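Worksheet: one structure, shown below.
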Amino acid sequence: MSKKAPVQKNDYIDGAYFEDLTHDGNGVTKVDGYPLFVPNALPGEEGTVKVVKPSKGYGFGRLMERTKESPYRQEPPCPIYRECGGCQIQHMTYEGQLRAKEKNVRDVMQRIGKLQDVKIHEVLGMEEPWRYRNKAQVPVGEKDGRFVAGFYQKRSHEIIDMDKCIIQYEKNDEVIQHVKDICQNLDIRPYDEKKHKGTLRHIMTRTAYTTGEVMVVLVTRTNELPHKNEIVEELVRNIEGLKSIIHNVNGKKTNVIMGDTTRVLWGEEVIHDRIGDVKFAISARSFYQVNPEQTKVLYDKALEYADLKGEETVIDAYCGIGTISLFLAQTAKKVYGVEIVPQAIADAKQNAVLNNMTNVEFKAGPAEVVIPEWYDDGISADVLVVDPPRKGCDEALLDTILTMKPKKVVYVSCNPATLARDLRILEDGGYKTTEIQPVDMFPQTMHCEAVAKIELV
Ligand code: SAH
(Lines give C-alpha, C1' and ligand atoms only; values in the text may rest on other atoms or scores of the structure.)
Protein backbone atom coordinates (compact mmCIF):
# COMPACT_ATOMS: atom_id res chain seq x y z
CA MET A 1 0.00 0.00 0.00
CA SER A 2 1.27 3.48 -0.80
CA LYS A 3 2.06 5.37 2.31
CA LYS A 4 0.19 8.32 3.75
CA ALA A 5 1.51 11.74 2.74
CA PRO A 6 4.17 12.96 5.21
CA VAL A 7 3.19 16.53 4.26
CA GLN A 8 -0.01 18.55 4.41
CA LYS A 9 -1.56 21.07 2.12
CA ASN A 10 0.08 24.52 2.37
CA ASP A 11 3.19 23.14 4.12
CA TYR A 12 6.44 24.81 3.06
CA ILE A 13 9.44 22.65 2.35
CA ASP A 14 12.74 24.47 2.47
CA GLY A 15 15.82 23.15 0.71
CA ALA A 16 13.85 20.84 -1.57
CA TYR A 17 16.22 19.16 -4.02
CA PHE A 18 14.93 18.14 -7.47
CA GLU A 19 16.33 14.85 -8.60
CA ASP A 20 14.22 14.02 -11.60
CA LEU A 21 11.79 15.10 -14.29
CA THR A 22 8.38 13.52 -14.94
CA HIS A 23 6.87 12.83 -18.30
CA ASP A 24 4.90 16.08 -18.02
CA GLY A 25 8.12 18.02 -17.47
CA ASN A 26 7.54 18.51 -13.73
CA GLY A 27 10.48 18.44 -11.33
CA VAL A 28 10.45 15.66 -8.73
CA THR A 29 11.52 16.21 -5.14
CA LYS A 30 11.09 13.70 -2.34
CA VAL A 31 10.07 14.15 1.29
CA ASP A 32 10.96 10.95 3.19
CA GLY A 33 10.64 9.06 -0.05
CA TYR A 34 7.26 10.67 -0.88
CA PRO A 35 7.42 12.30 -4.34
CA LEU A 36 6.16 15.80 -4.97
CA PHE A 37 5.75 16.95 -8.57
CA VAL A 38 6.58 20.59 -9.09
CA PRO A 39 6.16 22.59 -12.32
CA ASN A 40 9.09 24.63 -13.62
CA ALA A 41 11.74 22.87 -11.55
CA LEU A 42 14.67 21.10 -13.20
CA PRO A 43 16.85 18.24 -11.96
CA GLY A 44 19.73 19.56 -9.88
CA GLU A 45 17.81 22.64 -8.75
CA GLU A 46 16.90 23.49 -5.16
CA GLY A 47 14.31 25.73 -3.60
CA THR A 48 11.29 26.18 -1.40
CA VAL A 49 8.16 24.25 -2.31
CA LYS A 50 4.63 24.87 -1.12
CA VAL A 51 2.50 21.73 -0.99
CA VAL A 52 -0.56 22.29 -3.15
CA LYS A 53 -2.21 18.92 -3.43
CA PRO A 54 -1.05 15.98 -1.34
CA SER A 55 -2.55 12.67 -2.42
CA LYS A 56 -1.86 9.13 -1.39
CA GLY A 57 1.46 8.02 -2.83
CA TYR A 58 2.44 11.35 -4.40
CA GLY A 59 1.53 15.02 -4.42
CA PHE A 60 1.87 18.31 -6.26
CA GLY A 61 3.69 21.40 -5.16
CA ARG A 62 4.53 24.92 -6.30
CA LEU A 63 8.02 26.36 -6.45
CA MET A 64 8.01 29.50 -4.29
CA GLU A 65 11.71 30.30 -4.48
CA ARG A 66 14.62 28.85 -6.39
CA THR A 67 17.89 28.83 -4.47
CA LYS A 68 19.96 26.82 -6.92
CA GLU A 69 19.57 26.97 -10.67
CA SER A 70 20.34 24.23 -13.18
CA PRO A 71 23.05 25.02 -15.73
CA TYR A 72 20.55 23.71 -18.28
CA ARG A 73 17.89 26.28 -17.50
CA GLN A 74 17.03 28.72 -20.27
CA GLU A 75 14.39 31.30 -21.12
CA PRO A 76 11.74 29.45 -23.18
CA PRO A 77 11.81 31.00 -26.66
CA CYS A 78 8.10 30.55 -27.37
CA PRO A 79 5.91 33.42 -26.08
CA ILE A 80 2.95 31.15 -25.26
CA TYR A 81 4.99 28.29 -23.79
CA ARG A 82 3.67 28.72 -20.25
CA GLU A 83 0.01 28.46 -21.22
CA CYS A 84 0.21 26.03 -24.13
CA GLY A 85 0.19 22.31 -23.47
CA GLY A 86 2.20 21.35 -26.56
CA CYS A 87 5.81 21.44 -25.25
CA GLN A 88 7.04 20.51 -21.77
CA ILE A 89 10.74 21.36 -21.59
CA GLN A 90 11.43 24.57 -23.49
CA HIS A 91 12.80 25.95 -20.23
CA MET A 92 15.69 23.52 -20.59
CA THR A 93 18.62 23.84 -23.02
CA TYR A 94 18.75 21.24 -25.75
CA GLU A 95 21.81 19.63 -24.22
CA GLY A 96 19.92 19.33 -20.94
CA GLN A 97 16.94 17.80 -22.74
CA LEU A 98 19.08 15.12 -24.37
CA ARG A 99 20.72 14.25 -21.06
CA ALA A 100 17.36 14.06 -19.31
CA LYS A 101 16.03 11.72 -22.00
CA GLU A 102 19.09 9.50 -21.81
CA LYS A 103 18.78 9.33 -18.04
CA ASN A 104 15.12 8.41 -18.36
CA VAL A 105 15.97 5.54 -20.73
CA ARG A 106 18.74 4.33 -18.38
CA ASP A 107 16.48 4.54 -15.34
CA VAL A 108 13.61 2.54 -16.82
CA MET A 109 15.95 -0.10 -18.25
CA GLN A 110 17.29 -0.67 -14.73
CA ARG A 111 14.10 -0.21 -12.75
CA ILE A 112 11.52 -1.83 -15.02
CA GLY A 113 13.65 -3.94 -17.37
CA LYS A 114 16.15 -5.10 -14.73
CA LEU A 115 18.73 -4.90 -17.50
CA GLN A 116 22.11 -4.38 -15.93
CA ASP A 117 24.69 -4.56 -18.67
CA VAL A 118 22.94 -3.37 -21.81
CA LYS A 119 24.81 -0.79 -23.85
CA ILE A 120 22.74 2.42 -23.99
CA HIS A 121 24.06 5.05 -26.37
CA GLU A 122 23.79 8.81 -26.07
CA VAL A 123 20.57 10.19 -27.54
CA LEU A 124 20.92 11.13 -31.20
CA GLY A 125 19.59 14.67 -31.23
CA MET A 126 18.90 17.25 -33.91
CA GLU A 127 21.31 19.94 -34.99
CA GLU A 128 18.45 22.43 -35.05
CA PRO A 129 15.78 21.29 -32.57
CA TRP A 130 13.13 23.75 -33.81
CA ARG A 131 10.70 23.85 -36.72
CA TYR A 132 10.85 20.09 -37.09
CA ARG A 133 7.19 19.02 -37.22
CA ASN A 134 5.71 18.39 -40.66
CA LYS A 135 2.17 18.21 -39.33
CA ALA A 136 0.04 20.68 -37.42
CA GLN A 137 -3.37 19.83 -36.13
CA VAL A 138 -5.21 22.55 -34.26
CA PRO A 139 -8.71 22.91 -32.83
CA VAL A 140 -10.62 26.07 -33.71
CA GLY A 141 -12.94 28.06 -31.54
CA GLU A 142 -14.17 31.53 -30.75
CA LYS A 143 -12.93 34.01 -28.20
CA ASP A 144 -14.48 37.47 -27.77
CA GLY A 145 -16.11 37.22 -31.18
CA ARG A 146 -12.84 36.31 -32.89
CA PHE A 147 -11.97 33.14 -34.71
CA VAL A 148 -9.12 31.43 -32.83
CA ALA A 149 -7.00 28.36 -33.56
CA GLY A 150 -4.19 26.88 -31.52
CA PHE A 151 -3.35 24.25 -28.98
CA TYR A 152 -5.29 23.49 -25.85
CA GLN A 153 -4.12 25.03 -22.62
CA LYS A 154 -2.48 22.61 -20.23
CA ARG A 155 -5.04 20.29 -18.62
CA SER A 156 -8.00 22.08 -20.22
CA HIS A 157 -9.92 22.51 -23.44
CA GLU A 158 -9.40 26.27 -23.57
CA ILE A 159 -7.80 27.13 -26.92
CA ILE A 160 -4.71 29.33 -26.84
CA ASP A 161 -4.76 31.39 -30.04
CA MET A 162 -1.51 30.92 -31.90
CA ASP A 163 0.20 32.94 -34.63
CA LYS A 164 3.15 30.66 -34.82
CA CYS A 165 4.40 27.46 -33.30
CA ILE A 166 8.17 27.25 -33.41
CA ILE A 167 8.34 23.46 -33.41
CA GLN A 168 6.22 23.32 -36.61
CA TYR A 169 7.34 24.01 -40.14
CA GLU A 170 6.84 27.69 -40.99
CA LYS A 171 4.69 26.55 -43.87
CA ASN A 172 2.20 25.06 -41.41
CA ASP A 173 1.95 28.38 -39.53
CA GLU A 174 1.30 30.12 -42.83
CA VAL A 175 -1.43 27.65 -43.82
CA ILE A 176 -3.22 27.91 -40.49
CA GLN A 177 -3.16 31.71 -40.62
CA HIS A 178 -4.65 31.65 -44.12
CA VAL A 179 -7.39 29.23 -43.12
CA LYS A 180 -8.19 31.37 -40.06
CA ASP A 181 -8.38 34.57 -42.11
CA ILE A 182 -10.45 33.01 -44.84
CA CYS A 183 -12.91 31.43 -42.42
CA GLN A 184 -13.21 34.62 -40.40
CA ASN A 185 -13.92 36.61 -43.59
CA LEU A 186 -16.50 34.12 -44.83
CA ASP A 187 -18.02 33.87 -41.38
CA ILE A 188 -17.58 30.11 -41.07
CA ARG A 189 -18.73 29.28 -37.56
CA PRO A 190 -16.11 27.68 -35.32
CA TYR A 191 -17.18 24.55 -33.47
CA ASP A 192 -18.42 24.99 -29.93
CA GLU A 193 -17.44 21.87 -28.03
CA LYS A 194 -19.77 22.45 -25.08
CA LYS A 195 -22.91 23.06 -27.14
CA HIS A 196 -21.85 20.75 -29.98
CA LYS A 197 -22.75 23.52 -32.45
CA GLY A 198 -20.90 25.40 -35.19
CA THR A 199 -19.07 24.16 -38.28
CA LEU A 200 -15.27 24.00 -38.37
CA ARG A 201 -13.68 21.79 -35.70
CA HIS A 202 -10.05 21.32 -36.66
CA ILE A 203 -7.50 22.45 -39.18
CA MET A 204 -4.88 19.88 -40.08
CA THR A 205 -1.99 20.55 -42.40
CA ARG A 206 0.97 18.51 -43.46
CA THR A 207 3.95 19.53 -45.55
CA ALA A 208 6.17 16.89 -47.12
CA TYR A 209 9.80 17.42 -46.12
CA THR A 210 11.49 16.44 -49.36
CA THR A 211 8.94 17.62 -51.94
CA GLY A 212 7.33 20.60 -50.23
CA GLU A 213 3.87 19.31 -51.15
CA VAL A 214 1.15 20.67 -48.86
CA MET A 215 -2.13 19.10 -47.74
CA VAL A 216 -4.86 20.98 -45.90
CA VAL A 217 -7.64 19.11 -44.11
CA LEU A 218 -10.72 20.91 -42.82
CA VAL A 219 -12.69 18.91 -40.28
CA THR A 220 -16.32 19.97 -39.86
CA ARG A 221 -19.16 18.91 -37.61
CA THR A 222 -21.64 19.49 -40.41
CA ASN A 223 -21.85 17.35 -43.50
CA GLU A 224 -21.52 20.44 -45.69
CA LEU A 225 -18.71 22.96 -45.68
CA PRO A 226 -20.32 26.32 -46.46
CA HIS A 227 -18.58 28.55 -49.05
CA LYS A 228 -16.42 25.65 -50.07
CA ASN A 229 -15.66 27.02 -53.53
CA GLU A 230 -14.52 30.35 -52.14
CA ILE A 231 -12.40 28.59 -49.51
CA VAL A 232 -10.73 26.44 -52.14
CA GLU A 233 -10.13 29.41 -54.42
CA GLU A 234 -8.55 31.46 -51.66
CA LEU A 235 -6.35 28.63 -50.41
CA VAL A 236 -5.12 27.79 -53.91
CA ARG A 237 -4.36 31.45 -54.58
CA ASN A 238 -2.42 31.92 -51.34
CA ILE A 239 -0.55 28.72 -50.61
CA GLU A 240 2.44 27.79 -52.67
CA GLY A 241 3.04 24.07 -52.97
CA LEU A 242 -0.58 23.23 -52.18
CA LYS A 243 -1.44 19.84 -53.66
CA SER A 244 -4.47 18.65 -51.77
CA ILE A 245 -7.48 20.10 -49.95
CA ILE A 246 -9.50 17.55 -48.01
CA HIS A 247 -12.82 17.87 -46.22
CA ASN A 248 -13.40 15.47 -43.34
CA VAL A 249 -16.72 15.21 -41.54
CA ASN A 250 -16.86 14.44 -37.84
CA GLY A 251 -20.38 14.88 -36.48
CA LYS A 252 -19.74 13.08 -33.22
CA LYS A 253 -19.28 14.41 -29.70
CA THR A 254 -15.76 13.14 -29.29
CA ASN A 255 -12.13 14.02 -28.71
CA VAL A 256 -11.15 12.01 -31.76
CA ILE A 257 -10.21 14.53 -34.42
CA MET A 258 -11.27 12.99 -37.71
CA GLY A 259 -14.55 11.34 -38.65
CA ASP A 260 -15.26 8.58 -41.12
CA THR A 261 -16.18 10.66 -44.18
CA THR A 262 -13.31 12.11 -46.19
CA ARG A 263 -13.76 14.00 -49.47
CA VAL A 264 -11.26 15.58 -51.80
CA LEU A 265 -12.25 19.23 -52.25
CA TRP A 266 -9.45 20.08 -54.61
CA GLY A 267 -6.29 18.44 -55.99
CA GLU A 268 -5.07 15.00 -55.01
CA GLU A 269 -5.99 12.58 -52.28
CA VAL A 270 -2.39 12.25 -51.14
CA ILE A 271 0.89 14.14 -50.91
CA HIS A 272 4.29 12.51 -51.49
CA ASP A 273 7.40 12.39 -49.38
CA ARG A 274 10.64 10.41 -49.36
CA ILE A 275 12.63 8.84 -46.58
CA GLY A 276 16.06 8.07 -47.98
CA ASP A 277 15.37 6.46 -51.35
CA VAL A 278 11.85 5.28 -50.55
CA LYS A 279 8.80 7.25 -51.70
CA PHE A 280 5.56 7.48 -49.76
CA ALA A 281 2.05 8.60 -50.58
CA ILE A 282 0.41 10.01 -47.47
CA SER A 283 -3.34 10.41 -47.17
CA ALA A 284 -5.19 12.62 -44.69
CA ARG A 285 -5.76 9.88 -42.14
CA SER A 286 -2.49 7.95 -42.46
CA PHE A 287 -0.10 7.81 -39.57
CA TYR A 288 3.17 9.30 -40.77
CA GLN A 289 6.11 10.20 -38.55
CA VAL A 290 6.05 13.92 -37.71
CA ASN A 291 9.80 14.48 -37.74
CA PRO A 292 11.07 13.22 -41.10
CA GLU A 293 14.69 14.24 -40.55
CA GLN A 294 14.97 12.14 -37.41
CA THR A 295 12.81 9.37 -38.86
CA LYS A 296 15.62 8.76 -41.32
CA VAL A 297 18.09 8.55 -38.41
CA LEU A 298 15.77 6.13 -36.60
CA TYR A 299 15.14 3.88 -39.61
CA ASP A 300 18.84 3.83 -40.52
CA LYS A 301 19.54 2.58 -37.03
CA ALA A 302 16.79 -0.05 -37.30
CA LEU A 303 18.29 -1.16 -40.61
CA GLU A 304 21.77 -1.31 -39.09
CA TYR A 305 20.49 -3.42 -36.18
CA ALA A 306 18.61 -5.72 -38.56
CA ASP A 307 21.94 -6.28 -40.33
CA LEU A 308 20.35 -7.74 -43.45
CA LYS A 309 22.45 -9.61 -45.99
CA GLY A 310 19.75 -10.11 -48.60
CA GLU A 311 18.59 -13.62 -47.76
CA GLU A 312 16.34 -12.83 -44.82
CA THR A 313 12.62 -12.99 -44.31
CA VAL A 314 11.54 -10.04 -42.21
CA ILE A 315 8.27 -9.36 -40.40
CA ASP A 316 7.40 -5.75 -39.65
CA ALA A 317 4.71 -5.67 -36.97
CA TYR A 318 2.74 -2.44 -36.43
CA CYS A 319 3.83 -1.32 -39.89
CA GLY A 320 1.52 1.71 -40.46
CA ILE A 321 1.74 2.74 -44.12
CA GLY A 322 4.71 0.42 -44.58
CA THR A 323 7.49 2.92 -43.95
CA ILE A 324 9.87 0.59 -42.12
CA SER A 325 8.79 -2.42 -44.20
CA LEU A 326 9.74 -0.73 -47.47
CA PHE A 327 12.92 0.67 -45.99
CA LEU A 328 13.96 -2.89 -45.03
CA ALA A 329 12.71 -4.39 -48.29
CA GLN A 330 15.55 -2.55 -50.02
CA THR A 331 17.89 -5.20 -48.62
CA ALA A 332 15.77 -8.10 -47.34
CA LYS A 333 14.67 -11.05 -49.45
CA LYS A 334 11.08 -10.74 -48.32
CA VAL A 335 9.18 -8.48 -45.93
CA TYR A 336 5.76 -9.11 -44.39
CA GLY A 337 4.04 -6.11 -42.82
CA VAL A 338 1.03 -6.18 -40.51
CA GLU A 339 -1.02 -3.28 -39.19
CA ILE A 340 -4.43 -2.94 -37.54
CA VAL A 341 -5.78 0.02 -39.57
CA PRO A 342 -7.06 -1.23 -42.97
CA GLN A 343 -6.64 2.18 -44.67
CA ALA A 344 -2.97 2.23 -43.65
CA ILE A 345 -2.52 -1.22 -45.22
CA ALA A 346 -4.16 0.05 -48.42
CA ASP A 347 -1.62 2.90 -48.39
CA ALA A 348 1.22 0.48 -47.67
CA LYS A 349 0.29 -1.64 -50.70
CA GLN A 350 0.19 1.44 -52.90
CA ASN A 351 3.53 2.54 -51.56
CA ALA A 352 5.05 -0.80 -52.51
CA VAL A 353 3.77 -0.27 -56.07
CA LEU A 354 5.03 3.31 -56.07
CA ASN A 355 8.53 1.99 -55.35
CA ASN A 356 8.29 -1.04 -57.66
CA MET A 357 8.89 -3.33 -54.73
CA THR A 358 7.55 -6.81 -55.23
CA ASN A 359 9.17 -8.52 -52.26
CA VAL A 360 6.67 -7.16 -49.72
CA GLU A 361 3.29 -8.37 -48.54
CA PHE A 362 0.92 -6.53 -46.27
CA LYS A 363 -1.99 -7.70 -44.19
CA ALA A 364 -4.51 -5.77 -42.10
CA GLY A 365 -5.25 -7.09 -38.63
CA PRO A 366 -3.90 -7.22 -35.08
CA ALA A 367 -0.22 -8.24 -35.13
CA GLU A 368 -0.84 -10.64 -32.23
CA VAL A 369 -3.39 -12.53 -34.36
CA VAL A 370 -1.90 -12.30 -37.85
CA ILE A 371 1.68 -13.28 -36.97
CA PRO A 372 0.67 -16.57 -35.25
CA GLU A 373 -1.48 -17.32 -38.33
CA TRP A 374 1.47 -16.69 -40.58
CA TYR A 375 3.59 -18.93 -38.37
CA ASP A 376 0.99 -21.73 -38.65
CA ASP A 377 1.16 -21.28 -42.42
CA GLY A 378 4.92 -21.80 -42.34
CA ILE A 379 5.97 -18.16 -42.55
CA SER A 380 8.72 -17.51 -40.04
CA ALA A 381 10.99 -14.49 -39.69
CA ASP A 382 14.77 -14.30 -39.45
CA VAL A 383 14.37 -10.74 -38.26
CA LEU A 384 11.27 -9.37 -36.59
CA VAL A 385 10.76 -5.64 -36.32
CA VAL A 386 8.16 -4.18 -33.96
CA ASP A 387 7.12 -0.53 -33.68
CA PRO A 388 4.11 -0.60 -31.35
CA PRO A 389 2.10 2.34 -29.98
CA ARG A 390 2.87 3.70 -26.50
CA LYS A 391 1.34 0.76 -24.67
CA GLY A 392 3.97 -1.56 -26.10
CA CYS A 393 3.62 -5.05 -27.58
CA ASP A 394 0.67 -7.27 -26.90
CA GLU A 395 1.63 -10.18 -24.65
CA ALA A 396 0.35 -12.66 -27.22
CA LEU A 397 2.77 -11.19 -29.74
CA LEU A 398 5.70 -11.54 -27.32
CA ASP A 399 4.67 -15.18 -26.76
CA THR A 400 4.67 -15.73 -30.51
CA ILE A 401 8.16 -14.26 -30.77
CA LEU A 402 9.35 -16.69 -28.11
CA THR A 403 7.81 -19.57 -30.06
CA MET A 404 8.93 -18.42 -33.51
CA LYS A 405 12.43 -17.57 -32.27
CA PRO A 406 13.63 -15.13 -34.93
CA LYS A 407 17.41 -14.71 -34.67
CA LYS A 408 16.98 -11.02 -34.20
CA VAL A 409 14.30 -8.65 -32.95
CA VAL A 410 14.56 -4.94 -33.65
CA TYR A 411 12.27 -3.03 -31.32
CA VAL A 412 11.41 0.55 -32.26
CA SER A 413 9.69 2.20 -29.32
CA CYS A 414 8.07 5.55 -28.54
CA ASN A 415 7.81 4.72 -24.85
CA PRO A 416 10.96 3.60 -22.99
CA ALA A 417 8.91 2.26 -20.04
CA THR A 418 6.94 -0.28 -22.09
CA LEU A 419 10.09 -1.07 -24.07
CA ALA A 420 11.83 -1.97 -20.80
CA ARG A 421 8.88 -4.13 -19.70
CA ASP A 422 8.82 -6.02 -23.02
CA LEU A 423 12.60 -6.46 -23.10
CA ARG A 424 12.40 -8.18 -19.72
CA ILE A 425 9.89 -10.68 -21.14
CA LEU A 426 12.11 -11.35 -24.16
CA GLU A 427 15.19 -11.71 -21.94
CA ASP A 428 13.39 -14.21 -19.72
CA GLY A 429 12.51 -16.12 -22.87
CA GLY A 430 16.11 -16.52 -24.03
CA TYR A 431 16.92 -13.25 -25.80
CA LYS A 432 19.62 -10.76 -25.01
CA THR A 433 19.35 -7.01 -25.53
CA THR A 434 22.68 -5.94 -26.92
CA GLU A 435 22.24 -2.25 -27.68
CA ILE A 436 19.75 0.56 -27.26
CA GLN A 437 19.90 3.74 -29.32
CA PRO A 438 17.60 6.56 -28.19
CA VAL A 439 16.70 9.03 -30.94
CA ASP A 440 15.18 12.43 -30.27
CA MET A 441 12.20 12.74 -32.57
CA PHE A 442 10.37 15.28 -30.42
CA PRO A 443 12.64 18.08 -29.15
CA GLN A 444 11.11 20.43 -26.54
CA THR A 445 8.85 17.61 -25.32
CA MET A 446 9.64 14.78 -22.94
CA HIS A 447 8.93 12.11 -25.55
CA CYS A 448 11.79 9.86 -26.52
CA GLU A 449 12.06 7.25 -29.22
CA ALA A 450 14.51 4.34 -28.96
CA VAL A 451 15.63 1.37 -31.04
CA ALA A 452 16.77 -1.81 -29.34
CA LYS A 453 18.73 -4.67 -30.83
CA ILE A 454 17.77 -8.02 -29.36
CA GLU A 455 19.42 -11.31 -30.25
CA LEU A 456 18.72 -14.93 -29.58
CA VAL A 457 21.45 -16.38 -27.38
N1 SAH B 1 5.97 1.64 -38.17
C2 SAH B 1 5.12 2.73 -38.56
C3 SAH B 1 3.95 3.00 -37.61
C4 SAH B 1 4.24 3.00 -36.14
S5 SAH B 1 2.94 3.63 -35.13
C6 SAH B 1 5.93 3.97 -38.81
O7 SAH B 1 7.07 4.08 -38.39
O8 SAH B 1 5.41 4.89 -39.46
C9 SAH B 1 2.19 2.20 -34.49
C10 SAH B 1 1.20 1.57 -35.42
O11 SAH B 1 0.67 0.41 -34.79
C12 SAH B 1 0.00 2.43 -35.78
O13 SAH B 1 -0.07 2.53 -37.18
C14 SAH B 1 -1.21 1.66 -35.21
O15 SAH B 1 -2.37 1.76 -36.01
C16 SAH B 1 -0.69 0.25 -35.19
N17 SAH B 1 -1.31 -0.70 -34.26
C18 SAH B 1 -1.82 -0.48 -33.02
N19 SAH B 1 -2.19 -1.62 -32.44
C20 SAH B 1 -1.92 -2.63 -33.31
C21 SAH B 1 -2.06 -4.04 -33.26
N22 SAH B 1 -2.57 -4.64 -32.20
N23 SAH B 1 -1.65 -4.75 -34.32
C24 SAH B 1 -1.11 -4.14 -35.40
N25 SAH B 1 -0.96 -2.80 -35.50
C26 SAH B 1 -1.35 -2.04 -34.47
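With all projection directions averaged, the alpha carbon convex hull of the chain covers 23.5 nm².
As a check on your grasp of the helix formula, calculate [θ] at 222 nm for the chain: sum -39500 (n - 2.57) over DSSP H runs of n ≥ 4, divide by the residue count, round to the nearest 500.
Value at 222 nm, helices only: -8000 deg cm²/dmol.
Could you state, as a whole-number percent, how many of the C-alpha pairs of segment 12-68 are farther apart than 15 Å? When every Cα pair of segment 12-68 is considered, 33 percent fall beyond 15 Å. Here's the picture: a label point sits 7 Å out from the Cα of residue 343 along the beta-carbon direction, and within segment 228-254 the residues with their amide nitrogen under 17 Å of it are 244-254. Lysine pair count for segment 208-300 (Cα-Cα distance under 28 Å; residues 8 or more apart in sequence or on different chains): 6. Working from label points 7 Å from Cα in the Cα-to-Cβ sense, the residue 82 to residue 164 distance is 2.1 nm. Within segment 200-216, which residues have the backbone N less than 20 Å from the label spot 7 Å out from residue 186 along Cα→beta-carbon, could you tell me? What the label zone holds, given the 20 Å backbone N cut-off, is 200-206, 214-216. With all pairs of separate Cα atoms included, segment 149-193 yields a Kirkwood hydrodynamic radius of 11.6 Å. Electrostatic tally near residue 392: other residues with Cβ closer than 15 Å to its Cβ, Lys and Arg +1, Asp and Glu -1, net -4. The fraction of all Cα pairs in segment 345-444 landing in successive 10 Å bins from 0 to the largest distance is 13, 41, 34, 11, 0, given as whole percents. Classify segment 66-146 from the C-alpha gyration tensor, please: rounded if a/c falls under 1.5, else prolate or oblate depending on whether a/b exceeds b/c. In terms of gyration-tensor shape, prolate.
Using the C-alpha gyration tensor of segment 266-370, what are the square roots of 5 times its eigenvalues, in whole angstrom, with the largest one first?
On the way: eigenvalues 83, 54, 32 Å².
Over the Cα atoms of segment 266-370, the ellipsoid semi-axes are 20, 16, 13 Å.
Residue pairs exceeding 24 angstrom between C-alpha atoms, taken from 114/408; 301/405; 334/405; 53/195: 53/195.
Cα centroids of segment 364-381 and segment 260-331: 21 Å apart.
Remark: the chain carries 45 Å² of accessible area per residue (probe radius 1.4 Å; ligands, DNA and RNA excluded).
Under a Cβ-Cβ cut-off of 12 Å, what is the net charge of the residues other than residue 306 that fall near it, where Lys and Arg count +1 and Asp and Glu count -1?
Working: positive: 301, 309, 407, 408, 453; negative: 300, 304, 307, 312, 316, 382, 455.
Net of charged neighbours comes to -2.
With Cα atoms as the point set, segment 135-275 shows a radius of gyration and Dmax of 14.2, 44 Å.
The modelled label-to-label distance between residue 64 and residue 195, using points 7 Å beyond Cα along the C-beta direction, is 4.4 nm.
According to the Cα-based calculation, Rg over Rh for segment 11-146 is 1.02, with Rh computed by the Kirkwood formula.
When N is the residue count of segment 172-236, what does its C-alpha Rg come to as a fraction of 2.2 N^0.38 Å? Let's see the in-between values first.
Numbers: Rg = 12.5 Å, N = 65, 2.2 N^0.38 = 10.7 Å.
Against the compact-globule rule of thumb, the ratio is 1.16.
The length gained on full extension between residue 153 and residue 261, counted as 0.36 nm times the residue separation minus their Cα-Cα distance, comes to 36.0 nm. Each label was represented as a point 7 Å from its Cα along the Cα-to-Cβ direction; for residue 369 and residue 254 these points are 1.9 nm apart.
Output the peptides 446-452, 204-210, 321-327 sorted from most to least packed, where packing is the average of other Cβ atoms within 10 Å over each peptide's residues.
Working: 446-452: 24.6, 204-210: 22.4, 321-327: 27.6.
The densest-packed peptide leads the list: 321-327, 446-452, 204-210.
Expressed as a whole percent, the accessible area of segment 1-107 that falls on carbon and sulfur atoms is 48 (1.4 Å probe).
Tell me which aspartates and glutamates have Cα within less than 16 Å of residue 154's Cα, excluding those fewer than 8 residues away on the same chain? List returned: 24, 83.
The values are calculated or read from the model by the stated rules, or taken from the named source; none is laboratory data. None of these values were measured; they are calculated from a predicted model. Reconstructed Cβ throughout: ideal geometry from the backbone, glycine too, with neighbour counts over all protein chains shown. SASA here: full protein model, heavy atoms, side chains in, ligands and nucleic acids out. Shrake-Rupley method; radii C 1.70, N 1.55, O 1.52, S 1.80 Å.
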